[in-house]
Protein chains: 2
Amino acid sequence: MSDQTKIILSESDLPKDWYNIQADLPYEMPPVLHPGTKQPVGPADLAPLFPMELIKQEVSRERWIAIPEPVREVYRLWRPTPLHRARRLEQELQTPAKIYYKNESVSPAGSHKPNTAVAQVFYNKLEGTRRIATETGAGQWGSALALACQMFGIECKVYMVRVSYDQKPYRRNLMETWGAKVVPSPSPDTAAGRAVLASDPNSPGSLGLAISEAVEDVVTNKVPSKYSLGSVLNHVLLHQTVVGLEARKQLELAGDTPDILIGCIGGGSNFGGFAFPFLPEKLKDKTSKMRVIAVEPAAAPSLTRGVYAYDFGDLSMMTPLIKMYTLGHGFIPAPIHAGGLRYHGMSPLVCELYRNGFIEARAVHQKATFEAGIQFARTEGILPAPESAHAIRVAIDEALRCREEGVSRTIVFNLSGHGHFDLSAYERYLNGKIEDYVLPESEIKKAQEALPVVP
Amino acid sequence: MSDQTKIILSESDLPKDWYNIQADLPYEMPPVLHPGTKQPVGPADLAPLFPMELIKQEVSRERWIAIPEPVREVYRLWRPTPLHRARRLEQELQTPAKIYYKNESVSPAGSHKPNTAVAQVFYNKLEGTRRIATETGAGQWGSALALACQMFGIECKVYMVRVSYDQKPYRRNLMETWGAKVVPSPSPDTAAGRAVLASDPNSPGSLGLAISEAVEDVVTNKVPSKYSLGSVLNHVLLHQTVVGLEARKQLELAGDTPDILIGCIGGGSNFGGFAFPFLPEKLKDKTSKMRVIAVEPAAAPSLTRGVYAYDFGDLSMMTPLIKMYTLGHGFIPAPIHAGGLRYHGMSPLVCELYRNGFIEARAVHQKATFEAGIQFARTEGILPAPESAHAIRVAIDEALRCREEGVSRTIVFNLSGHGHFDLSAYERYLNGKIEDYVLPESEIKKAQEALPVVP
């Protein structure tokens, strides 16, 4: 056992239930508020956008929620995913630490995103949805949803931020290969898009606008359509817990107990899915020594530099109000290459764990993450996504600390995806063209002046 | 067992030996000849280019050759690879056939190529080589060698055909991320490259020229350097047999016996590595009903339309003479998107099996392969390499025949790699811009007029 490089589960070990951390929280979650009335939203408010089963999951207190068999059937195309012991990286770092990583890069879309896309599409199918619209920035979420829609025979429409649509044709091609219809946002397909195009035909678009287009599409389309979100919401993190449930079983098989768990955070879904299944004991006993670290980019440091307040999830102020650590919904993060981490807010489940001292947060700069990504690729082989390289950076830092202190610890991180579509970013790094963005306090202050007033 | 989607081996099932089919051939292999003397080459002729252990493997008759432990250690980063039952594809085709595929796309380089790259670099390291030079066309081989060199701390220099260097920057970036030095060929680094640049500074280059540059580099460099080849040679196919050895064990675990084995062929290495371990029984008993099909592109149909003759392995007539099915070393295949299959000749081991009736060959056109690739991606999720889509095409055709005939057969093919770096080709297909190349007999005749005269 002790000389294994990968810990592999058989298909019979694929989790049968998702883990719902809401069952074990020793505090109340703040309610989500209606943006108009500022009263807690009810199921009816969300029904135009989401199928009822997902709305129920959003507020469920059941500890275990059964994974429907058709979802497990699609999961089995690539799950359970391997847990690797990073022996070559350990050797390179000359650390007494044991480093493990959960490899979510093996999904057809190349990241953890399909774990929730498949579940969301399944419930939509069950409730009669015939098409789903969504937005995508760099394209990770759009491609996961395109894959899932193809698997269940649902039409998929993706509003892709124009600048990415033009600069990242491979991600767009991947969605099209899986049968999705992809349009650049702003698009002529919605009133919101047409308005922007009228004033600026060459607008590069934004994620906020793309969300507006997708939501407008859903509520105005004649074919029964729903909207789908790839992170932040409770049900999304719930579906991602297959990652941590498998990893926990794999570590048990390896005979190890984690001292430090690490994941990167943008909206919080890969971190939450990976870390939550390890938390029940710590939620009961706060003195537990297990550390859990959420790693965010210094260019979008919602946990480490944001304020805790009610805010919109999107730039266009269309979503319900969520209590979270936020940089302000008007905050536009610098164009770092980890596009999946460029978000002003954070999953409320992650925020409350942080506020209550159950997890730590760390912000890292771009150059240091690429350095870690390259070191990982040169020892373990796999080219990591720039997002995942944030987790690798902190895993390496902690392993080096073990060396300094002469202490062996078990460090486990989530490799949320591969970097096959991010190679131009690696090229820029190798050519010395990657810069660190120093975020002035004034910029955060300014964005936070526009925070909504909640009584 | 019967409802499994993937058959997974544990690390303890990783093969300990490669299978050498030369031990079981019921015929003699024709000798490889020196291009000058036209006498059989000896080890001394090859020693400037290859380490002695690989030269020995090239002619060994030992049935099993032990895989060195440091090679197995690197293999374990991604091996054993899964064998998938393509249930969703079967369902889509409404076929009574069982379809399995061996998934070699999970290696860090995204194909089967690292299986031999790692072995070759290991033996080089053992014998004191400090740098390795090679050529690459589309970049599959170059990236596998770059990865392997990084794993063993050997310098890697890749001469990449200029047109690919410019058009496929992602593959180049991948090699650089793994620490290789990549130059466009023609390059100013060699006399051969300089000569071409002098007459045509904008030359797009060719694989033949890139081979000349790599070989010149190796024999003139002051640092002890060797050359490395990614297909065709016996030792390359030997290393690839880990694929078939694992697949055979996995099918046994699934309780199935293959009726039809399918692989695509360019130089023959993924096909050979996959199929050879299934052949011992058939080599003893030719009446065995198991069929083995090598699939080549209609644009480079060496087995189905080539002549059986001694020919050079390269355009520049620098290699030894090999008895094989060849389109003529001067034959330049049309620029189909399956760059890895654009080769005028074929592995002599594969050629002799074909000539002696142990395997079949089939040529398929480009549009039909992309159609199959898309059908596979939309059912099984994984985006296949255009090369691998050739095998998928024939697997689907055979499964459809099973439906017509109302017969269940077990069809197993090798998914040699993913298509993450080939998405622009898929885009062209989806936009109706992919054409089939009809190869006139006159073109083959013309190239074969230049075949060398061997007494």
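Residues are listed down the side, and each one gets a yes or a no for (1) in contact (Cβ under 8 Å) with a residue 12 or more places away in the chain; (2) more than 14 Å from chain B (Cβ to nearest Cβ):
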position	(1), (2)
A:GLU405	no, yes
A:ARG409	yes, yes
A:VAL412	yes, yes
A:GLY419	yes, no
A:ALA425	yes, no
A:ARG428	yes, no
A:LYS433	no, no
A:ASP436	yes, yes
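Within the stretch B:195-219, the set of residues being outside any helix (DSSP H, G or I) and either open to solvent by less than 30 Å² (accessible area, probe 1.4 Å) or free of Cβ contacts under 8 Å to residues at least 24 places away in the same chain (or both) comprises B:ASP200, B:PRO201, B:ASN202, B:SER203, B:GLY205. So which residues in the stretch A:404-450 are surrounded by fewer than 18 Cβ atoms within 10 Å (Cβ to Cβ) and of a type in the set (Asp, Glu), if there are any at all? Result: A:GLU404, A:GLU405, A:GLU435, A:ASP436, A:GLU441, A:GLU443, A:GLU449.
Against the definition (among the aliphatic types (A, V, I, L, M), modelled with pLDDT under 95 and part of a helix (DSSP H, G or I)), how does A:ALA192 come out, yes or no? Against the criterion (among the aliphatic types (A, V, I, L, M), modelled with pLDDT under 95 and part of a helix (DSSP H, G or I)), A:ALA192 qualifies. Within the stretch A:151-164, restricting attention to residues that are within 13 Å of chain B (Cβ to nearest Cβ) and crowded, with 24+ Cβ neighbours inside 10 Å, the residue that is nearest to B:PHE376 (Cα to Cα) is A:MET151. A:TYR101 fulfils the conditions (1) of a type outside the set (Gly, Ala, Ser); (2) farther than 21 Å from B:ARG88 by Cβ; (3) free of Cβ contacts under 8 Å to residues at least 12 places away in the same chain except for a single criterion, (3).
The residue that is nearest to B:ARG291 (Cα to Cα), among those in the stretch B:382-392 that are touching a strand residue (DSSP E or B) at 6+ places or on another chain (Cβ under 7 Å) and open to solvent by less than 10 Å² (accessible area, probe 1.4 Å), is B:ALA391. Quick check, is A:ILE55 at pLDDT 95 or above, part of a strand (DSSP E or B), open to solvent by less than 20 Å² (accessible area, probe 1.4 Å) and more than 10 Å from chain B (Cβ to nearest Cβ)? Taking the combined requirement at face value, the residue does not satisfy it. Put simply, of A:ALA66, A:ALA148 the only residue that is surrounded by 23 or more Cβ atoms within 10 Å (Cβ to Cβ) and either away from chain B (no Cβ under 14 Å) or over 23 Å from A:PHE278 (Cα atoms) (or both) is A:ALA148.
Taking each residue of the stretch B:244-263 that is among the charged types (D, E, K, R) and looking for partners that are open to solvent by 20 Å² or more (accessible area, probe 1.4 Å) with beta-carbon atoms closer than 8 Å, six or more apart or interchain, yields B:GLU246/B:ASP13; B:LYS249/B:ASP13; B:ASP256/B:LYS98; B:ASP259/B:LYS289; B:ASP259/B:MET290; B:ASP259/B:ARG291; B:ASP259/B:ARG409. Residues in the stretch B:69-104 that are away from chain A (no Cβ under 14 Å), of a type outside the set (Ser, Thr, Tyr) and part of a loop (DSSP other than H, G, I, E, B) were compared, and the one that is most open to solvent (accessible area, probe 1.4 Å) is B:GLN94. B:THR379 meets the stated requirement of being within 14 Å of chain A (Cβ to nearest Cβ), modelled with pLDDT of 95 or more and open to solvent by less than 20 Å² (accessible area, probe 1.4 Å). Scanning the stretch B:10-27 for residues that are within 14 Å of chain A (Cβ to nearest Cβ), modelled with pLDDT of 95 or more and either part of a loop (DSSP other than H, G, I, E, B) or farther than 17 Å from B:ARG76 by Cα (or both) gives a single hit, B:LEU14.
When the stretch A:313-341 is filtered for residues that are open to solvent by less than 20 Å² (accessible area, probe 1.4 Å) and part of a strand (DSSP E or B), the ones remaining, listed by number, are A:LEU321, A:ILE322, A:MET324, A:THR326. Give me the residue from the stretch B:367-376 that is of a type outside the set (Phe, Trp, Tyr) and surrounded by 24 or more Cβ atoms within 10 Å (Cβ to Cβ) and, out of that set, nearest to the other protein chains (Cβ to nearest Cβ). Filtering the stretch B:367-376 for residues that are of a type outside the set (Phe, Trp, Tyr) and surrounded by 24 or more Cβ atoms within 10 Å (Cβ to Cβ), the one nearest to the other protein chains (Cβ to nearest Cβ) comes out as B:GLY373. All of (1) more than 25 Å from B:VAL412 (Cα to Cα); (2) within 14 Å of chain A (Cβ to nearest Cβ) hold for B:PRO30 with one exception: (2). Among the residues making up the stretch B:393-403, those that are open to solvent by 10 Å² or more (accessible area, probe 1.4 Å) and either free of Cβ contacts under 8 Å to residues at least 60 places away in the same chain or of a type in the set (D, E, K, R) (or both) are B:ARG393, B:ASP397, B:ARG401, B:ARG403. When you scan the stretch A:105-126, do you find a residue that is surrounded by fewer than 19 Cβ atoms within 10 Å (Cβ to Cβ), more than 14 Å from every other protein chain (Cβ to nearest Cβ) and either part of a helix (DSSP H, G or I) or under 23 Å from the mean Cα position of the chain (by Cα) (or both), even just one? Yes: the stretch A:105-126 contains one or more residues that are surrounded by fewer than 19 Cβ atoms within 10 Å (Cβ to Cβ), more than 14 Å from every other protein chain (Cβ to nearest Cβ) and either part of a helix (DSSP H, G or I) or under 23 Å from the mean Cα position of the chain (by Cα) (or both). Could you list, ordered by first residue, the pairs with Cβ atoms under 9 Å in which the first is in the stretch B:171-194 and free of Cβ contacts under 8 Å to residues at least 12 places away in the same chain and open to solvent by less than 30 Å² (accessible area, probe 1.4 Å) and the second is β-branched (Val, Ile, Thr) and part of a helix (DSSP H, G or I), at least 6 apart or interchain? Matching pairs, first to second residue: B:THR177/A:ILE374. Residues satisfying the criterion are absent from the stretch A:280-295 (criterion: open to solvent by less than 10 Å² (accessible area, probe 1.4 Å) and assigned to a helix (DSSP H, G or I)).
The values are calculated or read from the model by the stated rules, or taken from the named source; none is laboratory data. Note that the coordinates shown come from a computational prediction; the quantities given were computed from them, not determined experimentally. Heads up, the Cβs are rebuilt from the backbone with ideal geometry, glycines too, and the neighbour counts pull from every protein chain shown. In case anyone asks, the SASA skips ligands and DNA or RNA and just uses the protein heavy atoms, side chains included. Shrake-Rupley method; radii C 1.70, N 1.55, O 1.52, S 1.80 Å.
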